Amino acid sequence: MKKNMRRCQNCGCLFEVCNKVKKHEYCNKEKCQRARKRKWQKQKIKNDKTYRKDQKETQEANDNQPFNQLNERIIQLEQKVEYLTQKLKVIKLNN
Ligand SMILES: [Zn+2]
């Protein structure tokens, strides 16, 4: 069986690719494995940032919803205040 060789992303040496390892881009040297981990961590942080940015943008989109929705909510609250004011008057009268 022909050996599958690949060039290390870190030191540039040729190494034998192990099919069990996903994205086998680095040789077995300790420094290259460390480089692989660093790259992975960097990638993860980048992905997390993108994720958080997306979340923020979604939140901002929600904040910028049309005013009529806000107006509806205000009307609802005004009705509630009106109701509570009436209720309070009744309570005061009964005392
Ligand atoms: Zn290497």
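Every number here is computed from the coordinates shown, using simple stated rules; none is lab data. The structure displayed is predicted, hence computed values, not measured ones. Neighbour counts are summed over all protein chains in view; Cβ atoms, including those assigned to glycine, are modelled from backbone coordinates with ideal geometry.
Phi angles of region 6-14 translate, via the Karplus equation with coefficients 6.51, -1.76, 1.60 and θ = phi - 60°, into HN-Hα couplings of 9, 8, 5, 5, 9, 9, x, 7, 7 Hz per residue; Gly and Pro are given as x. Could you work out which residue, out of ARG36, ARG52, ARG73, moves most in a Gaussian network model of the chain, that is, has the largest mean-square fluctuation with Cα springs under 10 Å? Result: ARG73 has the largest fluctuation of those listed. Taking only alpha carbon atoms, the chain gives an Rg to Rh ratio of 1.60, where Rh is the Kirkwood radius. The long axis of helix 30-63 is offset from the longest Cα principal axis of the chain by roughly 20 degrees. Decide, for region 42-95, between rounded, prolate and oblate: order the square roots of the alpha carbon gyration tensor eigenvalues as a ≥ b ≥ c, take rounded if a/c falls under 1.5, and otherwise choose prolate if a/b is larger than b/c, else oblate. Oblate is the answer for region 42-95, as a/c is 1.5 or above yet b/c matches or exceeds a/b. Return the single residue from ASN68, ASN28, ASN47 with maximal mean-square fluctuation; model: Gaussian network over the chain, springs between Cα atoms under 10 Å. Residue with maximal mean-square fluctuation among ASN68, ASN28, ASN47: ASN68. Taking the longest Cα principal axis of the chain as reference, the axis of helix 67-94 is set at about 40 degrees. When +1 charges are put on Lys and Arg Cβ atoms and -1 charges on Asp and Glu Cβ atoms, the dipole computed for the chain relative to its Cα centre reaches about 1300 debye.
Can you tell me which lysines have their Cα less than 30 Å from the Cα of LYS37? Leave out same-chain residues fewer than eight positions away. Those lysines meeting the cut-off are LYS2, LYS3, LYS20, LYS22, LYS23, LYS29, LYS46, LYS49, LYS53, LYS56.
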